[in-house]
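Rule-based calculations on the coordinates, nothing more; no lab input. This is a predicted model, so every value here is computed, not measured. Cβ: placed from backbone, ideal geometry, glycine included. Neighbour counts: every protein chain shown.
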Amino acid sequence: MPAKPKSIFTHLLFTFAVTALAVGLLVGAAHRLGRSQHWHGFIERQMEQYLTYIVRDLEEVHALDQKGFARSLGWEIGFVGADGSWQGNAPPLRRHLLAPGKDLAPGRVKFVWQGPQSYLLYQSTKGLYYFRGARPETESWRQGAIFAVLALVPVVLLLAYLRLKRLWSPLSKLDQGMEEIQQGNLTHRIPPQGPKELVKLAETYNQMSGRIGQMLRDKEQLLSDVSHELRSPLTRMQVVLALMEEGNAKHDLQEEVACMAGLVTGILEAQRMQAKALHPVSIDLAELAPTRLLKQGLAPSQLEAAGDCRLWTDAPALELLLDNLLSNAVKYSPGKQNQVRLRVQGSDSQVLLEVVDFGMGIAPDDLPRIFEPFYRADQARCHAQPGYGLGLHLVKRICQALGGSVTLSSQLGLGTQVQVLLPKLGVSPQKA
């Protein structure tokens, strides 16, 4: 099974984390390199020359002026003579840190550390000098600045995370918009915000959604207008056919006209469901079901009813729902119509309606599109069956209008099962 792809936000967050880690490693490497022995040797050679001049000038200055001279250089300087005496403006250095300096040749330097502070030891012919390059107040400020910078690191990371999240927000809303289109909600709009590229993308999406919605509305309006115009001619044709003499021609024409009349009725009913022009009444589905079974040539014994199946819903819509489900079951179960089963079962808040047949079944590739208008599964196999592929689409429209849902499962060659769940108060009197 292929791994689930990561979101763009996850990729951005991962890139940010890797970049921060890489920068940290580079800074650490640079710091480590700066403190390497090679660089220390280079710095020591430079400092030896510099301190040689300072010590020479310092030893030429009168003792009373040595501290002032040291302050003028910006150094804190201590001196340990051969007898162990100390003088200067630097605090005394611990003896174990002074020990390496006794082994130095005159004119050589060595770095030592006391806590976070570094010192330079310099051996002269008169004794050992040690230099501290920053004043105590300066060092305290530097340490405070380091802690402040370290404390700012999580703040910077948090701000970067929030920034990434804000940049991701328009993409997340665009993803939600696509989900809305997939669910058939073409009125959903995405607020244009974020960088100009995402603003342009949101505006393009809104225009596309609006145009698709308008195209579908125009198509549905055309179907509705044509259906209304066809009703009168079809009614007249049915009257003329009724007056014709009996014969095969009359029978064939009546079937074709009845099929066209059913198509027109289905289109107009779908428009009514979309407009939710409903007129709810109290209906007992267990009492309604036997009459719909008889209409399709089935027996009332093929009904299984349990529980309280009373609904507050639109009667014509519920009848059309049952008729479409049962007619489909009969149509695609040649020779097995007596095996069709209708089950209704009531609970506290909803009623289950289930139609099961053991006919042709539906191929897996056709199942995702089975509720689309005018779609017929396996056109070659279904060509001999009358109809226009509007029945299940109308079933879904009715379920949505009545506040319910419909699911379909099928196996090719084994049959089909359709389940409809309808709330008992799916259509309230206020919606009528």
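Overview of results
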read-out	value
Gain upon complete extension [His96, Gln46; 0.36 nm per residue less C-alpha separation]	15.5 nm
Fewest-first sequence of Ser282, Ser209 by Cβ atoms within 10 Å of each Cβ	Ser282, Ser209
Per-residue Cβ neighbour rank within 10 angstrom, fewest leading, Phe371, Phe14, Phe131	Phe14, Phe371, Phe131
Relative packing of peptides 332-343, 294-305 - highest average C-beta neighbours within 10 Å first	332-343, 294-305
Burial ordering of Leu326, Leu422, fewest other beta-carbon atoms within 10 Å first	Leu326, Leu422
Peptide ranges 184-194, 17-27 listed from the most packed, as the mean C-beta count within 10 angstrom indicates	184-194, 17-27
Percent RCO, i.e. relative contact order, over the stretch 279-431, from Cα pairs under 8 Å lying at least 6 residues apart	26
